[in-house]
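Novice: The structure follows.
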Amino acid sequence: MSYEEWAKQILAGDRRATARAISAVENGEAAGVALLKLLFPKASPACVIGITGSPGVGKSTLVEKLALEYRRQGSRVGIVAVDPSSPFSGGAILGDRIRMQGLSGDEGVYIRSMATRGQLGGLAPAAHDVVTILEAAGCQVVLIETVGVGQDEVEVARLADATALLLVPGMGDDVQTFKAGVMEIADVFVINKADRPGADRVEQEVAAMLSIGPRTDAWHPPILKTVATTAEGIAALRDALDRFRVFGQSSALSVQRQQAKCRVRLLELLRQTLFEKVVAERLRDGLIDRYVDEVRERRRDPHSVVEEIVGESRRGESTFTTSASQLSPSRRRCRFSNTCSAAVRTRKNWSRTRRCASRCLRWARAASSCSRRQRRTRRSRALSPSAARGSIT
Ligand SMILES: Nc1nc2c(ncn2[C@@H]2O[C@H](COP(=O)(O)OP(=O)(O)OP(=O)(O)O)[C@@H](O)[C@H]2O)c(=O)[nH]1
Ligand SMILES: [Mg+2]
């Protein structure tokens with residue numbers, strides 16, 4: 001099946017095609033990227049809602065009830081439940097699915113559990129792309145439950161249009177111990193398990209915190225009480241989220257969030273792509289192990305090693321982008337030293353090449369701790385005409 005046909009099936013809401021596409025994206029397969037390129041322009045943006053909070057506060061139970069609430073309105077709902085990866089197996093625990101059994105059998109709900117794969121911040125690395133696929137599959141609302149690892153779930157706010165932070169009675173003064181970052185990402189505060197004593201106390205604590213540090217965007221985050229197990233307060237939560245969306249659209253907030261989301265995504269992809277490029281080009285043949293040993297034995301410091309890997313010269317000029325194909329054929333630079341200003345010319349100027357190579361060999365010998373044998377190999381490579389024509393990096 002071609003990518004175009006596959007994309008068509010996803011756009012038609014085919015669940016199997018969607019599931020396979022999400023797996024391809026999660027596993028970093030080329031098919032995933034090809035599909036995303038086809039789907040992104042056609043996917044209508046969904047309302048992405050992040051549900052975050054400490055472990056066990058009732059996120060999954062609440063997500064199930066909130067999804068049912070949106071279903072009653074007729075929206076198609078996608079759910080991304082991020083589970084912690086096992087540090088041993090790398091697999092996810094997948095406990096959230098068990099809490100959402102009330103949604104099984106509903107064709108209008110698509111649930112996907114994802115593992116964090118060790119990423120900090122409570123989100124799985126491919127979460128952004130999974131949201132795009134769910135949007136393409138026709139989901140108008142996407143609920144994202146972040147991994148309950150404590151207070152690191154700030155990442156979700158970068159992906160979501162609205163974020164609900166769940167708290168539970170019994171936290172009392174603990175609310176104050178929440179890191180500022182987590183409190184600031186909440187567009188709606190939800191005190192779940194309000195059937196337990198102490199909900200009012202938490203409400204007062206949150207209200208007190210908000211009065212000390214109000215938001216800069218004029219939105220007053222509501223503080224709601226819910227009992228997720230019985231769906232009490234869920235309609236009010238949906239209302240609050242809708243109101244926040246309207247507020248965002250009427251102010252510049254919505255556009256600002258979209259901009260921030262796209263910026264984060266682009267920079268993240270750029271970081272990943274550059275990292276993979278450096279690893280593929282510069283760390284072949286177990287070179288990393290050699291660097292690791294050098295650092296472990298304190299022969300070199302990690303900063304210098306990284307500078308060398310990315311090709312940063314001693315003068316601070318980056319040569320990372322320089323490759324033989326990018327330089328003009330008549331001006332290929334010395335392959336030993338980034339500080340060598342003499343451009344190595346092609347075969348026509350062979351004597352110049354020899355001079356450059358011998359000078360830079362001296363530099364290379366002094367600068368690196370390579371063995372005599374490695375130096376001999378380098379020298380013979382440098383003095384061969386093919387090397388003079390070749391890449392410097
Ligand atoms: N009494 C009471 N119990 C609740 C409520 N909401 C959830 N629970 C219970 O709290 C427990 C944890 O609920 P989950 O929905 O799994 O919590 P979670 O935040 O998703 O947990 P993690 O995904 O492990 O972080 C379950 O036993 C739920 O039945 C509530 O409003 N009241
Ligand atoms: Mg859960």
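The values are calculated or read from the model by the stated rules, or taken from the named source; none is laboratory data. Since we're looking at a predicted model, the values are computed, not measured. Positions of Cβ are generated from backbone atoms using ideal geometry, with glycine treated the same way; all protein chains shown enter the neighbour counts.
Novice: Looking at region 152-161 only, could you name the residues that are part of a loop (DSSP other than H, G, I, E, B) and either at pLDDT 65 or above or away from ligand 2 (no atom under 16 Å from the Cβ) (or both)?
Specialist: Within region 152-161, the first condition is being part of a loop (DSSP other than H, G, I, E, B), and the residues that meet it are 152-154, 160-161.
Hits for region 152-161 are 154, 160, 161.
Novice: Further, regarding this structure: Of the residues that make up region 252-274, is at least one of a type in the set (Val, Ile, Thr), in contact with a strand residue (DSSP E or B) (Cβ under 6 Å, 6 or more places away or on another chain) and in the same structural domain as residue 66 (by TED's automatic domain parsing)? Can you show your working first?
Specialist: Residues of region 252-274 that are of a type in the set (Val, Ile, Thr), as a first pass: 255, 264, 273.
Restricting the remaining residues to those that are in contact with a strand residue (DSSP E or B) (Cβ under 6 Å, 6 or more places away or on another chain) gives none.
So far as region 252-274 goes, no, none of its residues is of a type in the set (Val, Ile, Thr), in contact with a strand residue (DSSP E or B) (Cβ under 6 Å, 6 or more places away or on another chain) and in the same structural domain as residue 66 (by TED's automatic domain parsing).
Novice: May I pose another question? Can you pull out the residues in region 205-228 that are at pLDDT below 95 and out of contact with any strand residue (DSSP E or B) (no Cβ under 9 Å at 6 or more places or on another chain)?
Specialist: Those that are at pLDDT below 95 and out of contact with any strand residue (DSSP E or B) (no Cβ under 9 Å at 6 or more places or on another chain): 208, 209, 211, 212, 213, 214, 215, 216, 217, 218, 219, 220.
Novice: Quick check on residue 91: is it more than 27 Å from residue 74 (Cβ to Cβ), at pLDDT below 80 and in contact with a helix residue (DSSP H, G or I) (Cβ under 7 Å, 6 or more places away or on another chain)?
Specialist: Here the answer is no, as residue 91 does not meet what is asked.
Novice: Hey, another quick one. Tell me which residues, restricted to region 162-204, are within 16 Å of residue 53 (Cα to Cα), modelled with pLDDT of 85 or more and either outside the structural domain of residue 258 (by TED's automatic domain parsing) or assigned to a helix (DSSP H, G or I) (or both).
Specialist: 199, 202, 203
Novice: Still on this structure, please answer the following. When region 228-246 is examined, which residues are found to be touching a helix residue (DSSP H, G or I) at 6+ places or on another chain (Cβ under 7 Å) and either surrounded by 15 or more Cβ atoms within 10 Å (Cβ to Cβ) or of a type outside the set (A, V, I, L, M, F, W, C) (or both)?
Specialist: Hits for region 228-246 are 228, 229, 231, 234, 237, 238.
Novice: Please go through region 20-58 and pick out each residue that is farther than 30 Å from residue 188 by Cα, surrounded by fewer than 19 Cβ atoms within 10 Å (Cβ to Cβ) and of a type in the set (Gly, Ala, Ser).
Specialist: If the condition is that a residue be farther than 30 Å from residue 188 by Cα, surrounded by fewer than 19 Cβ atoms within 10 Å (Cβ to Cβ) and of a type in the set (Gly, Ala, Ser), then 23, 28, 30, 31, 34 are the ones that fit.
Novice: Another one. Any idea which of (1) out of contact with any strand residue (DSSP E or B) (no Cβ under 9 Å at 6 or more places or on another chain); (2) more than 16 Å from ligand 2 (Cβ to nearest atom) is the one residue 61 doesn't satisfy?
Specialist: (2)
Novice: Which of the residues that make up region 191-227 are surrounded by 19 or more Cβ atoms within 10 Å (Cβ to Cβ) and farther than 23 Å from residue 66 by Cβ?
Specialist: Within region 191-227, just 205 meets the criteria.
Novice: Would you please list the contacts, defined by Cβ atoms under 7 Å and residues six or more apart or on different chains, that run from a residue in region 252-279 that is within 19 Å of residue 28 (Cβ to Cβ) to a residue that is outside any helix (DSSP H, G or I) and modelled with pLDDT under 85?
Specialist: none
Novice: Any residue in region 198-218 that's more than 15 Å from residue 183 (Cβ to Cβ): show its pairings with residues that are among the β-branched types (Val, Ile, Thr) at Cβ separation under 6 Å, as long as the two are six or more apart or on different chains.
Specialist: Qualifying pairs under 6 Å: 199/191.
Novice: Could you tell me which of the residues 246, 227, 188, 206 is within 26 Å of the chain's Cα centre (by Cα) and among the β-branched types (Val, Ile, Thr)? Step through it out loud before you land on a result.
Specialist: Numbers: 246 fails: within 26 Å of the chain's Cα centre (by Cα); 227 fails: within 26 Å of the chain's Cα centre (by Cα); 206 fails: within 26 Å of the chain's Cα centre (by Cα).
When all the criteria are applied, what remains is 188.
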